[in-house]
1. Are any of the pairs Lys106/Lys136; Lys106/Lys133; Lys52/Lys75; Lys22/Lys114; Lys73/Lys133 more than 27 Å apart by Cα-Cα distance, and if so, which?
2. Does region 94-158 classify as rounded, prolate or oblate by the C-alpha gyration tensor (a ≥ b ≥ c root eigenvalues; a/c under 1.5 gives rounded; else a/b over b/c gives prolate, otherwise oblate)?
3. If neighbour count is taken as other Cβ atoms inside 10 Å, put Tyr71, Tyr46 in order from fewest to most.
Amino acid sequence: MKEIPTYTPDFEEYIRQGEPDKKERAQLWRTAIGLQQVDGLEVSDYLKELAKKNIEGELSLEDVNNLLNEYHKSKRDTLKTSVYTYERQYDLIPRTTRERLLNFLKGRPWADDKQLSYVLHISISTVKYHLRKLQKEGIIVRCYSEGYRGDTWEIIKE
């Protein structure tokens, strides 16, 4: 499969140009994106494009914030719909909360409590309760790794 080249704004070039507003915005974006990379997160091309537009003065920080909120909302809605469609398509409608948790973790082992709560429409405390029970029974185990959101769930037995 052919890789699509991605554009990465050259923050250093903005800083060298020395225009005060652009220079300051470029330094802030470089720091913010650098912090995400340090945490092991991959920075989306969409965020890079918004950063460039903010540095160029085409978008305010408020505009960037609003666009990012809309983008994340659409991603959440897509995730929720895709899980429902997947379960219906393959006739995998689990009957219990535990089955629903396990079914979701099979496809997304990195999911955290908040994501599971949101997608499965149950409270975070209910998610934690069932995850603890599944761990005690030796059905799942939490695999810890370095970096933000690097932990995953492994299903040992079903």
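1. Working: Lys106/Lys136 19 Å; Lys106/Lys133 17 Å; Lys52/Lys75 22 Å; Lys22/Lys114 37 Å; Lys73/Lys133 31 Å.
Flagged as over cut-off: Lys22/Lys114; Lys73/Lys133.
2. It is oblate, given that a/c is not under 1.5 and a/b is not larger than b/c.
3. Ranked by crowding around the Cβ, least crowded first: Tyr46, Tyr71.
Just so you know, all these numbers are worked out from the coordinates, no wet-lab data involved. Predicted model only: the values in this text are computed from it and were never measured. Backbone-built Cβ (ideal geometry, glycine too); neighbour counts: all protein chains shown.
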